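The values are calculated or read from the model by the stated rules, or taken from the named source; none is laboratory data. Every value quoted in this text rests on a predicted model; they were computed, and no experiment measured them. Here the Cβ positions follow ideal geometry from the backbone for every residue, glycine too, while neighbour counts run over all protein chains shown. These accessible areas exclude ligands, DNA and RNA; they are computed on the full protein's heavy atoms, side chains included. Shrake-Rupley method; radii C 1.70, N 1.55, O 1.52, S 1.80 Å.
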Amino acid sequence: MSDTTMTATTTKPPATSTRRSSMTGWVLHNVVWIWLIALVVIFGLFNQYFFTLFNLQNIMVQATVLGMIALAMSLPLLVAEIDLSIPANVGFSSALGAMANTDLGLPFALAALIGIGAATLIGFFNAICITKLKMVSLIQTLSMMIILQGALLALTQGRTITSLSPGYVWIGQTTLSGWPLMPIVFVLAILGMYVLLRHTVLGRSIFAVGGNQVASNSAGIRVDRVKILSYTIAGFLAGVAGYLLASWQMAITSNQGSSYLLYAIAAPIIGGVSVFGGRGSVIGVLGGVLLLTVIQVGLAIISVPSFYVGMIGGIMIFIAVAIDAVRVRYFG
Amino acid sequence: MTTAPTFRLEASPAARTVLRVENLGKIYGGLVALRDVDLSVRAGTIHGLLGENGAGKSTLVGIMSGQRKPTSGTIYLDEKPLAHVDVQAMEKAGVFLVTQEPMIIDHLSAAENLMLGIWPKRRFGFVNWRKLRQDAERMLKGTGIAADARAGALDAVARRKINILRAMFSGGKVIILDEPTAALTVDDRAQLFDFMRRLKSEGVTFIFISHFNDEILEICDAVSVLRDGRYAGGSEDVGSLTSEDLSELVLGRGLVLFEREKRQFSAGAPAVILKDIRSGTLDVPSLAIRAGEIVGVTGLPGGGGKELARALFGLQRASSGTITFVDGEARTLPAHPAEAFADGIAYLSDDRRKDGSISQMSIAENISLSAEVALARGAFMNAEQERALSQRYFQSLGIKAPNSEVAVDTLSGGNQQKVCLGRVLATKPKLLMLDEPTRGIDVGVKQDVLRIVDELSRTGVSVIIISTDTDELVRAVDRVLIFHNGRIREELAGEAISRSRLRNLG
Ligand SMILES: Nc1ncnc2c1ncn2[C@@H]1O[C@H](COP(=O)(O)OP(=O)(O)OP(=O)(O)O)[C@@H](O)[C@H]1O
Ligand SMILES: [Mg+2]
């Protein structure tokens, strides 16, 4: 290039070209489902029983309560907050509804509504603390979790409550020509969440708030309101989960729901819900829930000694999360 | 550029090539951002880098500084090929990049951000806090930024300055500035240029990215231009070039500068009347804007222009004030942007990173975000109309992307700005307030944006443009308000809006 003259080369139109390396991309995007199928096959090879209709039904039932809780968990995550009190809320509201039925003798529908209503209010209350009082969600909901666990213990006085009325346990026990009814609630919840997130203004706002709260506010989104609604809906879903849990197990223990905490957080994250908010899909959450349920059921069926179940399950979750991290890293 | 650059006698220390790239290529997913770029930068010069939005400038300097990985090609520092390139290695070797978007850790103080990674150490790796503070205070002198201010609370300009100062004081030998002047006032810019000249005389090399031809002509020794990811030309003697030459090189065609046909608005009833707007130091007793008028607002940062817009938009609490549209009655100012949009008031912030787009959402989703509520049927989104709306602004603003479904964070800075602009335009406002609307936008698109705003004004929309870009004010507005200490100090109209008057706002 000479000193003072400009060199100008001709250019072609905008530089777009090949699709992204599609195969790996596709695999990584669907990793939950591929991992799920792989595990089904593996468990099936170990034990033919895994492929039976009965086991399929069992998995569906098991996935229902975890699924409801995972859906509830996803909402605060999507708005870039968290609600650790959800499993405790499940347990507390489960006991409240059941005791309204057994101890107060209220009709089952009313009793169930009391439980679900209480759970919804608790979600709402959490949201008020976080948005209006500006409490940090991690700590606020952690303390709410401890409060609710304590309240459950106080409520049940350590007893296990049984003797629920037939109406109360109907949804959890009824089968139609062998197929359990309860998973229908989960299917409805998935459809409802799908419509909420994909087709409503609130759904879009949830993703926006999770992505960038300040910009969402300037774009005319009422950030506090969106968070309050997310937490409240999460509380409602927790209440329904609590009711289903009581109805399915026909009993309330004094640590009802607590065991779901880690799985309920793991399922959405495995399914691609970002802990930083703004990313995730209902289908992904479903995948995460099914994956975790298959791991639990599968390990039980191939009769892994119970000392190893926790560890092996944990390793499988670890692998799922690791693969997901690779996906996020390369494909955003 | 594969041959060695010709020497210039008057720049004897500058003869050596300090940084060079060869056959550099970068592919993001399926998009080719750079292809076969060769470029060399001579030591002790200020090397301008020009190109349209999305041409690949940030990508190129990102690779040079180790922030991004090239897909192909080699980087040479002092003519030695570098095997392993990352930020730490490059900073250690003396190459510092000030990125286009502020890189600030919000919860740290200004001083800590300033010294990030270059903090003074004691033995055993402990940070020498006292020295850190002293150094920081020295660096911040005259900038109006307090050393212990929380960085998250600082405005866009201050955040930008912190990044620039960090690089300038780093002791680096190559300092790369990606659109450093985009957020600076005229005075700041002059200060920055003085600083650059001083360091240059000490042998420091600069790569300087800007969309302002006059800045390139003022300060650069050499210039290179990228177009669609390729090296499109350049010169080792900027002195022989004119602004038109640069535009032509950037665009590949001649540039027609936009000039608004100024209108006199002394007659005609006002479309918007503001009364007793008070908020903090802001005090505007009365201001009327006519339908179709474009009012420019300028002044020093904190002067009141931005504060006025934010108060009118519900982002900043006002202690008093009413707004009256011609067809309605006086109303108190909106308490939230949602109310503002519903009232036909729209505002575009100058801080697009923090306050502009939702980066993980698609272009289309971002454009329709603020108009969504107005289009919705009850709780449900009106997907069809939203898509049509997004598509319209995607096309009319010429946003450079494979399609409108890609996430905003994959766009170049200027194109992100266009998305934000599309979002507020899509709400069909009656009063449109744009805060530095062409910041970071290339010369070609800048004309397009000014033209779009001009056309919008002809449909009767009243527009306020808050700007520190004198050129933009001279060519695109009907009237200029100069704010000072929260009040309107002076009003210019017609011929009185001149570059010389606007350069000097102090
Ligand atoms: N992380 C990314 N993922 C995908 N594409 C990207 C990414 N970053 C940049 N690009 C694309 O690469 C191209 C070059 O972008 P770059 O930011 O280098 O442009 P630029 O010249 O700096 O533009 P501007 O003047 O607007 O800042 C653009 O088309 C952009 O959309
Ligand atoms: Mg850039």
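Of all residues in segment B:56-72, how many are open to solvent by 40 Å² or more (accessible area, probe 1.4 Å) and either touching a His at 6+ places or on another chain (Cβ under 8 Å) or away from ligand 2 (no atom under 16 Å from the Cβ) (or both)?
Adding up the residues that qualify gives 4.
With the structure loaded, tell me whether residue B:90 is at pLDDT below 90, more than 13 Å from ligand 2 (Cβ to nearest atom) and either within 14 Å of chain A (Cβ to nearest Cβ) or surrounded by 18 or more Cβ atoms within 10 Å (Cβ to Cβ) (or both) or whether it fails that test. Walk me through how you get there before you give the answer.
Numbers: at pLDDT below 90: no; more than 13 Å from ligand 2 (Cβ to nearest atom): yes; either within 14 Å of chain A (Cβ to nearest Cβ) or surrounded by 18 or more Cβ atoms within 10 Å (Cβ to Cβ) (or both): yes.
No: the conditions fail for residue B:90.
Please indicate, with yes or no, whether at least one residue in segment B:58-80 is closer than 14 Å to residue B:226 by Cα, polar (S, T, N, Q) and at pLDDT 90 or above.
yes
Taking residue B:261 and the conditions (1) within 14 Å of chain A (Cβ to nearest Cβ); (2) free of Cβ contacts under 8 Å to residues at least 12 places away in the same chain; (3) more than 30 Å from residue A:198 (Cα to Cα), which numbered condition does it fall short on, given that it satisfies the others?
Going through the list (1) within 14 Å of chain A (Cβ to nearest Cβ); (2) free of Cβ contacts under 8 Å to residues at least 12 places away in the same chain; (3) more than 30 Å from residue A:198 (Cα to Cα), residue B:261 breaks only (1).
Before we move on, is residue A:223 more than 9 Å from every other protein chain (Cβ to nearest Cβ), closer than 22 Å to residue A:276 by Cα and touching a residue at least 12 places away in the same chain (Cβ under 8 Å)? Break it down into steps so the answer makes sense when it comes.
Details: more than 9 Å from every other protein chain (Cβ to nearest Cβ): yes; closer than 22 Å to residue A:276 by Cα: yes; touching a residue at least 12 places away in the same chain (Cβ under 8 Å): yes.
Yes: the conditions hold for residue A:223.
Suppose the filter is in contact (Cβ under 8 Å) with a residue 24 or more places away in the chain, touching a strand residue (DSSP E or B) at 6+ places or on another chain (Cβ under 7 Å), open to solvent by less than 40 Å² (accessible area, probe 1.4 Å) and under 29 Å from residue B:53 (Cβ atoms); does residue B:195 pass it?
Considered against the rule, which asks whether it is in contact (Cβ under 8 Å) with a residue 24 or more places away in the chain, touching a strand residue (DSSP E or B) at 6+ places or on another chain (Cβ under 7 Å), open to solvent by less than 40 Å² (accessible area, probe 1.4 Å) and under 29 Å from residue B:53 (Cβ atoms), residue B:195 comes out as no.
Answer yes or no as to whether residue B:201 is open to solvent by 20 Å² or more (accessible area, probe 1.4 Å), within 30 Å of residue B:332 (Cα to Cα) and either within 16 Å of ligand 1 (Cβ to nearest atom) or away from chain A (no Cβ under 13 Å) (or both).
no
Take the residues in segment B:56-75 that are within 8 Å of ligand 1 (Cβ to nearest atom) and of a type in the set (Ser, Thr, Tyr), then tell me which one is nearest to residue B:207 (Cα to Cα).
B:58
Suppose we keep only residues that are among the polar types (S, T, N, Q) and away from ligand 2 (no atom under 16 Å from the Cβ) within segment B:425-458. Which one would you say is most open to solvent (accessible area, probe 1.4 Å)?
First pass over segment B:425-458, keeping only residues among the polar types (S, T, N, Q): B:427, B:438, B:447, B:457.
Still in the running and away from ligand 2 (no atom under 16 Å from the Cβ): B:427, B:447, B:457.
Working: B:427: 27, B:447: 6, B:457: 1 Å².
Only one residue fits best here, namely B:427.
Kindly indicate whether residue B:479 is more than 16 Å from ligand 2 (Cβ to nearest atom) and touching a strand residue (DSSP E or B) at 6+ places or on another chain (Cβ under 8 Å). Walk me through it before giving the result.
Numbers: more than 16 Å from ligand 2 (Cβ to nearest atom): yes; touching a strand residue (DSSP E or B) at 6+ places or on another chain (Cβ under 8 Å): yes.
Judged against the criteria, residue B:479 is a match.
Looking only at segment B:324-350, filter to residues that are buried (at least 21 other Cβ atoms within 10 Å of the Cβ) and in contact (Cβ under 8 Å) with a residue 40 or more places away in the chain; which one of those is farthest from the other protein chains (Cβ to nearest Cβ)?
Selected residue: B:333.
To keep it simple, each residue is scored yes or no on (1) more than 16 Å from ligand 2 (Cβ to nearest atom); (2) more than 14 Å from chain A (Cβ to nearest Cβ); (3) out of contact with any helix residue (DSSP H, G or I) (no Cβ under 9 Å at 6 or more places or on another chain).
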residue	(1), (2), (3)
B:141	yes, yes, yes
B:146	yes, yes, no
B:160	no, yes, no
B:174	yes, yes, no
B:177	no, yes, no
B:182	no, yes, no
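Go through segment A:4-28 residue by residue and tally those that are surrounded by 15 or more Cβ atoms within 10 Å (Cβ to Cβ) and at pLDDT 50 or above.
Adding up the residues that qualify gives 2.
Take segment A:205-247 and flag every residue that is crowded, with 24+ Cβ neighbours inside 10 Å and charged (D, E, K, R).
If the condition is that a residue be crowded, with 24+ Cβ neighbours inside 10 Å and charged (D, E, K, R), then A:227 is the only one that fits.
Mind counting the residues in segment B:356-385 that are free of Cβ contacts under 8 Å to residues at least 24 places away in the same chain, open to solvent by 10 Å² or more (accessible area, probe 1.4 Å) and not polar (S, T, N, Q)?
9
Only residues that are β-branched (Val, Ile, Thr), part of a loop (DSSP other than H, G, I, E, B) and open to solvent by less than 20 Å² (accessible area, probe 1.4 Å): list them for segment B:387-413, please. I'd like the intermediate steps shown before the answer.
Initially, segment B:387-413 is screened for residues β-branched (Val, Ile, Thr), giving B:399, B:406, B:408, B:410.
Next, only the ones that are part of a loop (DSSP other than H, G, I, E, B) stay: B:399, B:406.
The answer is B:399, and nothing else.
If you take the residues of segment B:214-257 that are among the basic types (Lys, Arg) and open to solvent by 50 Å² or more (accessible area, probe 1.4 Å), which of them is nearest to the other protein chains (Cβ to nearest Cβ)? Explain how you work it out, then say what you get.
Residues of segment B:214-257 that are among the basic types (Lys, Arg), as a first pass: B:227, B:230, B:253.
Right, trim to open to solvent by 50 Å² or more (accessible area, probe 1.4 Å) and you get B:230, B:253.
Working: B:230: 6, B:253: 11 Å.
Per the stated criteria, the residue is B:230.
Can you name every residue in segment B:34-55 that is within 16 Å of ligand 1 (Cβ to nearest atom) and open to solvent by less than 10 Å² (accessible area, probe 1.4 Å)?
B:34, B:37, B:39, B:47, B:48, B:49, B:50, B:51, B:55, listed by residue number.
Report yes if residue B:341 is aromatic (Phe, Trp, Tyr) and outside any helix (DSSP H, G or I), otherwise no. Reasoning before the result, please.
Details: aromatic (Phe, Trp, Tyr): yes; outside any helix (DSSP H, G or I): no.
Considered against the rule, which asks whether it is aromatic (Phe, Trp, Tyr) and outside any helix (DSSP H, G or I), residue B:341 comes out as no.
Given (1) within 14 Å of the chain's Cα centre (by Cα); (2) of a type outside the set (A, V, I, L, M, F, W, C); (3) farther than 28 Å from residue A:148 by Cβ, identify the lone condition not met by residue A:242.
The failed condition is (3).
Could you check, for segment B:445-463, whether at least one of its residues is outside the structural domain of residue B:367 (by TED's automatic domain parsing), modelled with pLDDT of 90 or more and part of a strand (DSSP E or B)?
Within segment B:445-463 (the criterion being outside the structural domain of residue B:367 (by TED's automatic domain parsing), modelled with pLDDT of 90 or more and part of a strand (DSSP E or B)), the answer is yes, since at least one residue qualifies.
When you go through A:187, A:169 one by one, which is the residue that is more than 21 Å from residue A:77 (Cβ to Cβ), more than 14 Å from chain B (Cβ to nearest Cβ) and open to solvent by 40 Å² or more (accessible area, probe 1.4 Å)?
The unique qualifying residue is A:187.
If you go through segment A:190-204 one residue at a time, how many are open to solvent by 70 Å² or more (accessible area, probe 1.4 Å) and in contact with a strand residue (DSSP E or B) (Cβ under 7 Å, 6 or more places away or on another chain)? Steps first, please.
Filtering segment A:190-204 down to residues open to solvent by 70 Å² or more (accessible area, probe 1.4 Å) leaves A:191, A:194, A:198-199.
With in contact with a strand residue (DSSP E or B) (Cβ under 7 Å, 6 or more places away or on another chain) added as a condition, the list becomes A:199.
Total satisfying the criteria: 1.
Please state which one of A:308, A:263 is free of Cβ contacts under 8 Å to residues at least 12 places away in the same chain and assigned to a helix (DSSP H, G or I). Let's see the steps before the verdict.
On the way: A:263 fails: free of Cβ contacts under 8 Å to residues at least 12 places away in the same chain.
Of A:308, A:263, the one residue that is free of Cβ contacts under 8 Å to residues at least 12 places away in the same chain and assigned to a helix (DSSP H, G or I) is A:308.
Here is a check on your reading of the model: is residue B:416 more than 13 Å from chain A (Cβ to nearest Cβ), assigned to a helix (DSSP H, G or I) and not small (Gly, Ala, Ser)?
Considered against the rule, which asks whether it is more than 13 Å from chain A (Cβ to nearest Cβ), assigned to a helix (DSSP H, G or I) and not small (Gly, Ala, Ser), residue B:416 comes out as no.
Mind checking whether some residue in segment B:369-383 is within 19 Å of residue B:439 (Cα to Cα), part of a helix (DSSP H, G or I) and within 11 Å of chain A (Cβ to nearest Cβ)?
no
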